[in-house]
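Each reported figure results from applying straightforward, stated rules to the coordinates on display, with no laboratory input. Quick caveat, the model's predicted, so the values are computed rather than measured. Ideal geometry is used to build each Cβ from the backbone, glycine not excepted, and the neighbour counts take in all protein chains shown.
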Amino acid sequence: MASLGSSRISGRSSAVEFPRIRRSSFIKRSRIGFRVFASEAQPEPDLSITVNGLHMPNPFVIGSGPPGTNYTVMKRAFDEGWGAVIAKTVSLDAAKVVNVTPRYARLRAGANGSAKGQIIGWENIELISDRPLETMLKEFKQLKEEYPDRILIASIMEEYDKAAWEELIERVEETGVDAFEINFSCPHGMPERKMGAAVGQDCVLLEEVCGWINAKATIPVWAKMTPNITDISEPARVALTSGCEGIAAINTIMSVMGINLDTLRPEPCVEGYSTPGGYSSKAVHPIALGKVMRIAQMMKSEFGDKDYSLSGIGGVESGGDAVEFILLGANTVQVCTGVMMHGYGVVKKLCDEMKDFMKKHSFSSIEDFRGASLPYFTTHTDLVQRQQEAIRQRKAIKQGLQSDKDWTGDGFVKETESMVSN
Ligand SMILES: Cc1cc2nc3c(=O)[nH]c(=O)nc-3n(C[C@H](O)[C@H](O)[C@H](O)COP(=O)(O)O)c2cc1C
């Protein structure tokens, strides 16, 4: 979108705003004065969110990739209850997109990649959508007609060409999609055409392209970041100052899945050869949390009071994985490989597990805990100081009280123990 004035999202509720922990009261007084837990009366936690003016029944979003490749699978995602769907990335000329097979390779836990081990890592060398743009546009339109209240986000990518970006934005917007996610992050394929991560890794290019996009788009724009960069907060900052409403992170991590020790050929092996691909699934989750934490810190300190949004992506398979992104400040959480492994129905498990977490802590809405863990990150120097102070205090207690005035009510027993000799 063009500018970030309040008129663009007027009347819509805000997105990023960091920790305001509000616990719903879960303890009430009975008539005879005892305090009782009111768990039975506790209302069901509310998973619904509004982000950049987009209302979703829950924060779980289908991440761009195979789970959003066509009408049938996107319809299935809406029917199963996903909060929003981000379609597979489209470009103007699908004829230039030529995929190979096999294009996936998996990493399993356990000895020597045992076939029975749990899948923890997934590499793909898949390109963006190879379906004609006209077909994808027809399907976006049909989905929006059939599901007018659900959020459909188009993922788009183009060459370093202003006119091409403008044409793509105009044609996709006409279908009625609710927002754009810009794929500045695909690590493999078409860097020679200055597409994907080739733009996301170059802040000068990124600023220029974001400027074109936001001058043209009239719906919210999320910039999807690549983790294959030293400091991910730099391109995120550029995207926001260039008019994007939100940041999504992370796309896949550049990887080589492995080498076949019999054939000496790398995987996935296409006619005896391979190319580095993008790594996803459980193994990338801690890396994704680290990147999202960096972006969230930057957004909080530099853009804190504005309506920007953050979408966490990487290795989500459980409600707890998603909660972690939200505790760092994410508004929404995307799932791609998790859907490829467990199917669309996994959203029910994700919602149930997130609700269980919320009930345990008596949180009634997502905003109650969003960003709650972010303040607990500090520098290593500060950790050292905190630890030294804690040790000093523990020693002081062990040494006993200096004076009778130091006795306290709460620590009375410990204080007594600190002065006995046996
Ligand atoms: C097979 C495959 C294809 C993907 N295609 C796209 C794509 O077209 N556009 C995009 O922005 N991200 C694409 N991604 C990246 C995912 O959207 C996501 O950022 C990444 O896989 C990490 O999340 P995950 O661990 O939940 O899969 C793809 C991922 C996979 C595994």
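Dipole of the chain (Lys/Arg Cβ +1, Asp/Glu Cβ -1, origin at the Cα centre): which of ALA239, PRO66, TRP407 lies farthest to the positive side?
With unit charges placed on the Cβ atoms, the residue in question is TRP407.
Return the calculated 222 nm mean residue ellipticity for the chain, to the nearest 500 deg cm²/dmol, obtained by summing -39500 (n - 2.57) across DSSP H runs with n ≥ 4 and dividing by the residue count.
On the way: 12 runs with 138 residues, N = 422.
Result for the chain: -10000 deg cm²/dmol, rounded to the nearest 500.
I need the peptides 336-348, 131-143 ranked by packing, meaning the mean over residues of other C-beta atoms within 10 angstrom, with the highest value on top. Mind dumping the intermediate values first?
On the way: 336-348: 19.1, 131-143: 16.8.
Sorting 336-348, 131-143 by mean packing, highest first, produces 336-348, 131-143.
Under a 5 Å amide H to amide H cut-off, with H placed in plane at 1.01 Å, what residues pair with ALA248 once short-range neighbours are removed?
HN-HN under 5 Å from ALA248: ALA223, LYS224, MET225, SER311.
Apply the Karplus curve 6.51 cos²θ - 1.76 cosθ + 1.60, θ = phi - 60°, to the phi angles in the stretch 89-97 and return the couplings in whole Hz, x for Gly and Pro.
4, 10, 9, 5, 10, 5, 5, 7, 9
Assigning unit charges at the beta carbon (Lys, Arg +1; Asp, Glu -1) and nothing else, what dipole magnitude in debye, to the nearest 20, does the chain show about its Cα centre?
Working: 48 positive and 53 negative charges, 311 e Å.
Charge dipole of the chain: 1500 debye, to the nearest 20.
State which entries of LYS306/LYS348; LYS162/LYS291; LYS224/LYS300; LYS138/LYS348; LYS141/LYS194; LYS300/LYS360 exceed 20 angstrom in Cα-Cα distance in the structure shown.
Table pairs above 20 Å Cα-Cα are LYS306/LYS348; LYS162/LYS291; LYS138/LYS348; LYS141/LYS194; LYS300/LYS360.
Under the rule of at least 5 residues apart or a separate chain, name every residue whose amide H is placed under 5 Å from the amide H of LEU107.
It is ILE120, GLY121, TRP122, GLU123, by chain and number.
For the chain, what is the convex hull (Cα atoms) projected area averaged across all directions, in square nanometres?
Approximately 28.6 nm², given one-decimal rounding.
Which ³J(HN,Hα) values, rounded to whole Hz and listed in residue order, are derived for the stretch 368-377 from phi using the Karplus coefficients 6.51, -1.76 and 1.60 in 6.51 cos²θ - 1.76 cosθ + 1.60 with θ = phi - 60°, glycine and proline given as x?
Calculated HN-Hα couplings, in order: 4, 10, 5, x, 5, 8, 4, x, 8, 9 Hz.
Work out from phi, with θ = phi - 60° and the Karplus expression 6.51 cos²θ - 1.76 cosθ + 1.60, the ³J(HN,Hα) of each residue of the stretch 240-247, listed in order in whole Hz, and give x for Gly and Pro.
Here the 3J(HN,Hα) series is 5, 6, 8, x, 6, 8, x, 10 Hz.
For a quick protection proxy, order the peptides 220-231, 259-270 by their average other-Cβ count within 10 Å, most packed first.
So the order, starting with the most tightly packed, is 220-231, 259-270.
Kindly provide the pair-distance distribution of the stretch 178-219 built from C-alpha pairs, with 10 Å bins from 0 and whole-percent values in order of increasing distance.
It works out to 30, 51, 19, 0, in whole percents.
So in the chain, what percent of DSSP beta bridges are antiparallel if you round to the nearest 5?
Details: 20 of 48 bridges.
DSSP beta bridges in the chain are roughly 40 percent antiparallel.
Counting only residues 5 or more places away or on other chains, whose amide H sits under 5 Å from the amide H of ALA330 once H atoms are built in the peptide plane?
GLY371
Going by a ≥ b ≥ c, the root eigenvalues of the Cα gyration tensor, does the stretch 292-415 fall in the rounded group (a/c under 1.5), the prolate group (a/b larger than b/c) or the oblate group?
Prolate, because a/c is 1.5 or more and a/b exceeds b/c.
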